[in-house]
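Here's the structure we're looking at; comments come further down.
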Amino acid sequence: MTTMLTTFYRGLRPNKALSRPAGCGPSVPGMPGGEGAGFGIVERGAKPSAGRRLRSLRGITLTLVLPFAIAACEAPPNELRTAAPLSERADDALSYIIGPGDSLSIFVYRAPELSVDVPVRPDGRISIPLVADIQASGRTPSMLSGEIEERLREFVREPNVTVVVRSFIGSSNQQIRIIGEAAQPKSIPFREGLTILDVLIQSGGLTRYAAGNRAQIVRREAGQEAPRVIRVRLADLLRNGDITQDVAMRPGDTVIIPQGWF
């Protein structure tokens with residue numbers, strides 16, 4: 001912008017081409033500096049003053065900037081940038097889901113007689129004082145606390161409830177199952193950061209007849225009818241330390257370890 005203004009200013013300095021003969025053309029009304037001052041034109045042979053140069057530069061700057069300012073003011077509101085909304089949660093798929101067999105602590109603020117420790121029944125429900133048969137299975141602790149607060153409003157003024165999971169089993173669709181030639185086939189509650197090596201440690205490793213390098217992880221993903229099969233070489237992981245085979249687990253994964261022929 002500075003280079004452009006300098007070029008315009010130099011082009012308007014008095015020379016033979018731009019000089020105006022005396023008495024040629026009317027003066028511009030409303031412009032400071034008298035006749036022709038608004039356009040930076042001076043008499044032939046006259047030396048422009050510093051004030052006239054400054055006024056000429058201001059006029060050129062206003063001429064260049066004014067159209068852009070008007071365009072910006074007339075821009076429709078829908079073209080203005082808006083801040084991107086913040087994400088409410090990092091990943092809802094990794095939120096703990098309460099399941100049958102979990103042990104819960106229900107804490108009601110300023111109501112110790114309503115605060116209890118209860119297990120989740122096989123039907124997925126719990127019972128607390130004043131409220132019976134609340135569905136707990138399939139909900140997160142925060143969802144369950146909100147439901148309990150709604151049910152207690154009939155008896156307690158502005159209840160504040162906190163649900164703490166004491167022991168973890170989890171819902172069936174979030175448990176990790178390991179079957180086949182594992183030393184102790186079992187279901188394992190999912191936790192964030194769980195890998196196939198963690199599952200093998202909790203299940204006691206492989207049996208002597210296991211074909212560890214032909215093991216598979218069957219993963220059911222949302223929106224897909226057919227499950228995804230991931231092949232892993234568990235023998236290389238356990239015996240040779242091939243850490244590339246230490247696959248991260250997802251809720252609901254099933255590890256299948258086949259039996260070897262010899």
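The values are calculated or read from the model by the stated rules, or taken from the named source; none is laboratory data. Everything numeric in this text was worked out from a predicted model, so none of it was measured. So basically every Cβ, Gly included, is an ideal-geometry build from the backbone, and we count neighbours across all protein chains shown.
Observations on the structure shown:
- Residue match in the range 118-137 (condition: at pLDDT 90 or above, at negative phi, within 30 Å of the chain's Cα centre (by Cα) and not in a strand (DSSP E or B)): yes
- Test: residue in the range 156-176 that is surrounded by fewer than 18 Cβ atoms within 10 Å (Cβ to Cβ), part of a helix (DSSP H, G or I) and either assigned by TED's automatic domain parsing to the domain that holds G101 or in contact with a Pro (Cβ under 9 Å, 6 or more places away or on another chain) (or both): yes
- Matching residues in the range 177-215 - criterion: being assigned to a strand (DSSP E or B), modelled with pLDDT of 95 or more and aliphatic (A, V, I, L, M): I178, I179, A182, L206, A210, A215
- Here R110 meets the list (1) more than 29 Å from the chain's Cα centre (by Cα); (2) part of a strand (DSSP E or B) almost entirely, failing just condition (2).
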